[in-house]
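A.B. asks: One structure follows; several queries about it will come next.
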Amino acid sequence: MSEAEDPHILSKRTTPTWEVELLISGVAVFAMLQLPGWLDDAMLALAPRLDETWLNVARLAYVYSKSAAVILAVTFVLHLLLRARWIALVGMHSIYPQGVRWDRLGMGKVQREVERKHEAPTEKVIEQADNLATTVFALGIMLAMLLVVISLTATLLTGVSTLVAGIVGYQDSALPILAVVLAACLVPYIVALELDRRFGAKLAAHGRLHTVIRWTFGQYARFGVHSGNNRIRALLASNGNSKRLSVLIFAIVFSTVFAVIIAIKLEADGKPIGSYSYFPFTAPHVAASAHYDDTRNPARDPLVPFVQSKVVAGDYLALVVPYSPRRDGAKLQHDCSAIGPSRDAALLACLARLHAVTLDGKPVAGLHYDITSDARTNRPALLAMIDVRALARGRHELRIAHPPQVDREQDEGDPGYDSIPFWK
């Protein structure tokens, strides 16, 4: 028996990187499974610090980065399973080198004939399992790197467009500027590709059009835009079905990004997953945990006012109103153009008007806001100490006004205030 036929020795055609693949997948799979959650926490911590314009830039980077993390996590888990299957096949082949004994499977003659007709040698099955594991590993890495490049490029171009729009004083023109930048970057390459595919074989070697197309490809290649720069894709496409690979890449990237966006929307909705369609989540009286400092989750809860607890045992109710660049900043910019030495005092007075407070339906007398910060997030906030010594025992309700949401779709059904029930 030769070495290649010995079931106790790996075939010479075994992928030489299988040990490194297992090591990488085994070490990285746990980190990759946690990475989407880390990105969620980072985005949720960053979002309240940004206005709507820069939040869109951050969201773009967040969606693509999380999609890349999800693809890597799925890749490593799937690769470990496929490698485990390959190892199991290799091990079983060493125990039973004679292969499947069809006469002992209790089949009828006809079924056995059909099964044996479709049977492949164990060595071939092992080789196919080996190749599949490596292909999945390479494809996942390639897709993740593709999304990283897309994320960096899209974020950079969007950020530059937003910055330029802000400098020229037309913040709403960031999208048209981005469209112009994208067209300037992509159109020449797309035109050169189409001309080359249609007329490349017919062009004279030193003709003007040939020279222009060649120069265009050369300039893009200098910045890394060429097939050889993505060697994994080039190998898979050139040794398989290029169109099928393109469809597969598009399907995986699109479905992953779509799933990430849906997950973000569901998380922002705040409703738990399950059969809760008849539970009145939007009832008039909701004691949301985000409104109480001892139950809120600063990393996950929305930017809303909060008090120390549902039950107030002391003489004062500590109301903290976090500053929202998207709501407060936009409103202050249009309605409070304070300048000079008294600028900060005027802005504080504007914020106090924007966040007027009522207690049990009546305006709080002598309400005074001080500047503070959220101790657990280090974000700027307003602080009002409300005297509750004269309140009767039982349930009471604070209502803190807030400006409308910049995004009108998110503002549908917003009563214009945050309601915080508490008990004394």
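The values are calculated or read from the model by the stated rules, or taken from the named source; none is laboratory data. In this text the structure is predicted, and so the values were computed from the model without any measurement. Surface accessibility is based on the protein's heavy atoms, side chains included, excluding ligands, DNA and RNA. Shrake-Rupley method; radii C 1.70, N 1.55, O 1.52, S 1.80 Å.
A.B. asks: For the chain, which DSSP H helices look membrane-span-like by this rule: Cα extent along the axis of 30 Å or more and mean Kyte-Doolittle of at least 1.0?
C.D. replies: 18-46, 52-95, 122-168, 174-199, 242-269
A.B. asks: Return the label of the correct value of semi-axes √(5λ) of the Cα gyration tensor in Å, as calculated from the structure shown, out of (i) 46, 26, 17; (ii) 36, 25, 20; (iii) 58, 35, 17.
C.D. replies: Recomputing semi-axes √(5λ) of the Cα gyration tensor in Å here gives the entry labelled (iii).
A.B. asks: Same structure, new question: Can you give the calculated 222 nm mean residue ellipticity of the chain, where each DSSP H run of n ≥ 4 adds -39,500 (n - 2.57) and the sum is split over every residue, rounded to the nearest 500 deg cm²/dmol?
C.D. replies: Counting only the DSSP helices, I get -18500 deg cm²/dmol.
A.B. asks: Per the 1.4 Å probe, what fraction of the accessible area of the chain, in percent, lies on carbon and sulfur atoms?
C.D. replies: About 62 percent, which is the carbon plus sulfur part of the accessible surface.
A.B. asks: Give the cross-link partners of K12 among the lysines, using a straight C-alpha distance below 17 Å as the criterion and excluding same-chain residues fewer than 8 apart.
C.D. replies: Counting by Cα, and skipping residues close in sequence, K12 has these lysines nearby: K124.
A.B. asks: Still on this structure, I have one more. For the stretch 112-233, what's the relative contact order in percent, using C-alpha pairs closer than 8 Å and at least 6 residues apart?
C.D. replies: About 22 percent, as a whole number.
A.B. asks: Write down the percent of antiparallel bridges among all DSSP beta bridges whose residues are both part of the chain, to the nearest 5.
C.D. replies: Bridges in the chain that DSSP calls antiparallel: roughly 90 percent.
A.B. asks: Which lysines have a Cα less than 27 Å from the Cα of K66, not counting those fewer than 8 places away in the same chain?
C.D. replies: K243, K265, K271
A.B. asks: Given a 1.4 Å probe, how much area per residue of the stretch 3-153 is accessible, in Å²?
C.D. replies: Spelled out: the 1.4 Å probe surface of the stretch 3-153, per residue, equals 58 Å².
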